[in-house]
1. Go over the candidates GLU141, GLU135 one by one and state the one that is over 30 Å from THR48 (Cα atoms), part of a helix (DSSP H, G or I) and within 19 Å of the chain's Cα centre (by Cα).
2. Check ALA434, ALA486 and return the single one that is open to solvent by less than 10 Å² (accessible area, probe 1.4 Å) and assigned to a helix (DSSP H, G or I).
3. If you go through the stretch 217-227 one residue at a time, do you hit one that is among the β-branched types (Val, Ile, Thr), within 16 Å of the chain's Cα centre (by Cα), at pLDDT 95 or above and assigned to a loop (DSSP other than H, G, I, E, B)?
4. List the residue pairs whose Cβ atoms are under 7 Å apart, where the first residue sits in the stretch 485-507 and is on the phi < 0 side of the Ramachandran plot, the second is of a type in the set (Asp, Glu), and the two are 6 or more positions apart or on different chains.
5. Of the residues GLU484, GLU418, GLU403, only one is more than 22 Å from VAL326 (Cα to Cα) and of a type in the set (D, E, K, R); which?
6. So in the stretch 246-271, with the set limited to residues that are surrounded by fewer than 21 Cβ atoms within 10 Å (Cβ to Cβ) and aliphatic (A, V, I, L, M), which one is nearest to VAL389 (Cα to Cα)?
7. Looking only at the stretch 300-318, decide whether some residue is open to solvent by 10 Å² or more (accessible area, probe 1.4 Å), assigned to a strand (DSSP E or B), hydrophobic (A, V, I, L, M, F, W, C) and touching a residue at least 24 places away in the same chain (Cβ under 8 Å).
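The values are calculated or read from the model by the stated rules, or taken from the named source; none is laboratory data. Being a predicted model, the structure only gives us computed values, none of them experimental. Note that each Cβ is placed from the backbone with ideal geometry, even for glycine, and that neighbours are counted across all protein chains shown. Surface areas here come from the heavy atoms of the whole protein model, side chains and all, with no ligands, DNA or RNA. Shrake-Rupley method; radii C 1.70, N 1.55, O 1.52, S 1.80 Å.
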Amino acid sequence: MANPSRRSREALVDVDIDASSTPYKGFERMPIAGKWRSGKSREIYPDTDPYTSEVLTRIPLANEQDLDEAFRFAALAQIDWAATLPGERAGILLNAVAIMGRRRDEIVDWLIRESGSTRIKAELEWQTARAIVLESASFPERDAGKILMADVPGKESRVYRQPVGVVGMISPWNWPLHLSLRSVAPALALGNAVVLKPASDTPVTGGLLIAKIFEEAGLPAGVLSVVVGAGRVIGDAFVLHPVPRVISFTGSTEVGRGIAEAAAKSPIIKRVALELGGNSPFVVLQDADLRLAVDAAVFGKFLHHGQICMSINRIIVDARVHDEFVDLFVERVIGLKYGDPKDPKTFIGPIINQQQLNAVRARIQKARSSRAREVLGGEPQGLVLPPHVFVDVTNDMPIAREETFGPVATIIKVQNDEEALRVANDTEHGLSSAVFTRDFERGLRFALGVQAGMTHVNDSPVNDLPNAPFGGEKNSGIGRYNGEWAIEEFTTHHWISVQHSPRQYPF
């Protein structure tokens, strides 16, 4: 079945896997080179709940020797994995989809406790992560080469699409399950082995839990390794190691730039897929439906407390509707419940750690000392920061130019569409964006002028579909994830020609 629909793939999910679903355990160990074991570093990392400070597990971290063993074993395991029949690889991914469905509550609970996700966000992340695996299950059937025309007598010209070999994946803490699986699932489906380094704040939901799921699904040992280690210890070695052919990274622009430089300096130059920082503009034109725009703005700014690369960083509003928009927006934000992320009604939970909270508060202080006017705020309760709203913001202020990554909304007033577009593009980033208008053609014209990888008309910039290209322009990254674009990222082309009859050369 060529490129089966998502619905038909749902029907193929194996529901006969052992349904006992005993909760996973053993997260003090990691799968390295085919075996679950402790890291060889002497450092032990306490993985904690950012809301309660409860220690969830203690992990002896990996060192460079562990990393080397993982990569070298992956290179060997990948040979047999790539030779596995496409249907078998697809079947393992469909098994993983079924397991994720059966273990939904367990996965959601881990996301809440480890990453500080509210229940709303955790449920959404489970949904999008599962969709990525389901989409990837179609990739073995879509992994096709080409026969090319050849303007040489007797020549047959073929292009084979092959797995790159081993993919090194470094994932972030904010949407750990989804953003790890966004690379892991397609890379595995296409016949690659993967070595995954999850963020230190989310080693379980960003890596170890994924390894448990794929192990239960039937993935051969060593095809996926997870190394939980400090960046200062294994970060450089991860990128410089000669085995991985592609490094996939999601995180800050500063770190991503260093990874790109290291990948170029590696003994064997490797490709990079980088999804980096954002400064998403949310534009409200004069004819917008303001209530719809406010709904989208509240969701796009405060989902997961603003800790999303696509989160709205600047709300740009036409002066003719600015005051009305601000009144409606503040009215909605005041009603957002913040606090315990386990409470289903909570929309804003804890910032991931104290360092990140300090960074957000420093940006708030900068805004207060500038000409911006704070119309809503409050002091943190533990790591929970109440929502903040600033108006009278200009695009040259640090609060507008820097990615806040917290529950802080900034509203910029502009005079017309032209100024709105100029302000939207006046940033070094270009990840996601949005524009609101009742005139769809006007919105489309505006969207085409935005310098970003993604623009949504009458919707939030926080958007990610498993079959649509996800990525940014300028300093927001290189490459695209999802769908056919992921197939391009994690495969390579090998041109092979066969000369069936003697060729006449010019000398």
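1. GLU135
2. Working: ALA434 fails: assigned to a helix (DSSP H, G or I).
Residue meeting the stated conditions: ALA486.
3. Restricting attention to the stretch 217-227, the residues satisfying the condition of being among the β-branched types (Val, Ile, Thr) are 223, 226-227.
Within this subset, residues satisfying the condition of being within 16 Å of the chain's Cα centre (by Cα) are none.
No.
4. Cβ pairs passing all conditions: ILE487/ASP143; THR491/ASP143; SER497/GLU156; VAL498/GLU156; HIS500/GLU156.
5. Sole residue among the options that is more than 22 Å from VAL326 (Cα to Cα) and of a type in the set (D, E, K, R): GLU484.
6. Top of the filtered list is VAL255.
7. Checked the stretch 300-318: no residue is open to solvent by 10 Å² or more (accessible area, probe 1.4 Å), assigned to a strand (DSSP E or B), hydrophobic (A, V, I, L, M, F, W, C) and touching a residue at least 24 places away in the same chain (Cβ under 8 Å).
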